[in-house]
Amino acid sequence: MGSSDRDPIPSLGDDAIIDLRDGVVEPLVQAGGGEDVTPGTDLAHAEEVIDLRDARPPSGRPAELQPGHRIVTITGGDLWTQAEAFVYDIYRQVGYCEESPRNRVEELARWETRSRLHAVMDDAGEVIGVVRTIFGPYDELPVGQFERTDTSHPDPVCELSSLTVRTDVRSTGVIEHLYRAGWLDAFRSGSTTLVALIDDWLLEVFQGTYRLPFTVIGTGKEYMGSTPVPVAMPLHGPDYQITADENPDFWAWTLEALTADEADRWSLPLLAGAEASPPPS
């Protein structure tokens, strides 16, 4: 979850949390290929930073998963238990959850029936990265514990949570593949909006490096080790025109995960020179 001291990369043994509210999201920061942003840098108040899109190059196309790595969606069974334990072990290393005899993050257990897990697995069947999608009305999700100041996004929403990854696969595309899986799951669920709890500086990375249309929709507060704010990104195709225009390689990679008719059905922007798929007969 959150890192209160904002060390750029804490020593976490073999694993690291790349949580949506965490100070160890270095792979996301580095993905743009430009000058690194140190976690905790107050970009919003830096005198010479007016627009992060002017200050940072776009992220470009993420790396492909390494040979033998694959992404799976998990709804239960032994693989769910394995993925939950992966997240729990990392959280315990940095004190983000209470100890549990069931090897899971008990603070999120109440949302298990509303959740899906997306995991990157290696060729030995080991989990190397996880993200959680949680579905429902805003007020009934973890984000609902935060005061909401922007109510323009109707229910239901999808919360992206628990993004964790092993340190040995940093900067190898795992984080972006997990993000894309969660985003696509949210779109396909019929949710109107993707919401999350993140730190201010990470919001600026999403907006400035990835050119994603996230906005703040509530008031931040101390929560499990940091002071995140609730943010939202509409699941409304035309809102991604900025991503298509300003980060076209990333957007092209995003569209590759869709089925033939989804881009048309969701009114997602096409890249220059691309043709819409023909309407179904």
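Here are the numbers for this structure:
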| item | result |
| --- | --- |
| Selection from the stretch 90-136 of residues that are part of a loop (DSSP other than H, G, I, E, B), in contact with a Gly (Cβ under 9 Å, 6 or more places away or on another chain), open to solvent by less than 40 Å² (accessible area, probe 1.4 Å) and at pLDDT 90 or above | ASP122 |
| Any chance ILE242 is in contact (Cβ under 8 Å) with a residue 24 or more places away in the chain, in a helix (DSSP H, G or I) and under 20 Å from ARG70 (Cα atoms) | no |
| Subset tally (residues that are at pLDDT 95 or above and either part of a loop (DSSP other than H, G, I, E, B) or within 19 Å of THR193 (Cα to Cα) (or both)) for the stretch 245-261 | 7 |
| Flag for ASP168 being among the acidic types (Asp, Glu) and at pLDDT 95 or above | no |
| Pairs, first farther than 16 Å from ARG61 by Cα in the stretch 175-194, second assigned to a helix (DSSP H, G or I), C-beta under 7 Å, six or more apart | LEU194/TRP183; LEU194/ALA186 |
| For PHE146: the one exception among (1) within 22 Å of MET224 (Cβ to Cβ); (2) in contact with an Asp or Glu (Cβ under 8 Å, 6 or more places away or on another chain) | (2) |
| Every residue from the stretch 223-239 that is in a loop (DSSP other than H, G, I, E, B) and closer than 16 Å to LEU202 by Cα | GLY225, THR227, PRO228 |
| Given (1) modelled with pLDDT under 95; (2) in a helix (DSSP H, G or I); (3) open to solvent by 10 Å² or more (accessible area, probe 1.4 Å); (4) of a type outside the set (S, T, N, Q), index of the condition ASP185 fails | (1) |
| Residue identified as under 16 Å from the mean Cα position of the chain (by Cα), open to solvent by 10 Å² or more (accessible area, probe 1.4 Å), under 28 Å from ARG114 (Cα atoms) and modelled with pLDDT of 95 or more among HIS177, HIS236 | HIS177 |
| Any chance THR73 is more than 15 Å from VAL169 (Cβ to Cβ), at pLDDT 95 or above, assigned to a strand (DSSP E or B) and not basic (Lys, Arg) | yes |
| Some residue of the stretch 145-154 being within 24 Å of ARG104 (Cα to Cα), open to solvent by 10 Å² or more (accessible area, probe 1.4 Å) and in contact (Cβ under 8 Å) with a residue 60 or more places away in the chain | yes |
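The values are calculated or read from the model by the stated rules, or taken from the named source; none is laboratory data. Every value quoted in this text rests on a predicted model; they were computed, and no experiment measured them. Note that each Cβ is placed from the backbone with ideal geometry, even for glycine, and that neighbours are counted across all protein chains shown. The area values use the complete protein model at the heavy-atom level, side chains included, leaving out ligands, DNA and RNA. Shrake-Rupley method; radii C 1.70, N 1.55, O 1.52, S 1.80 Å.
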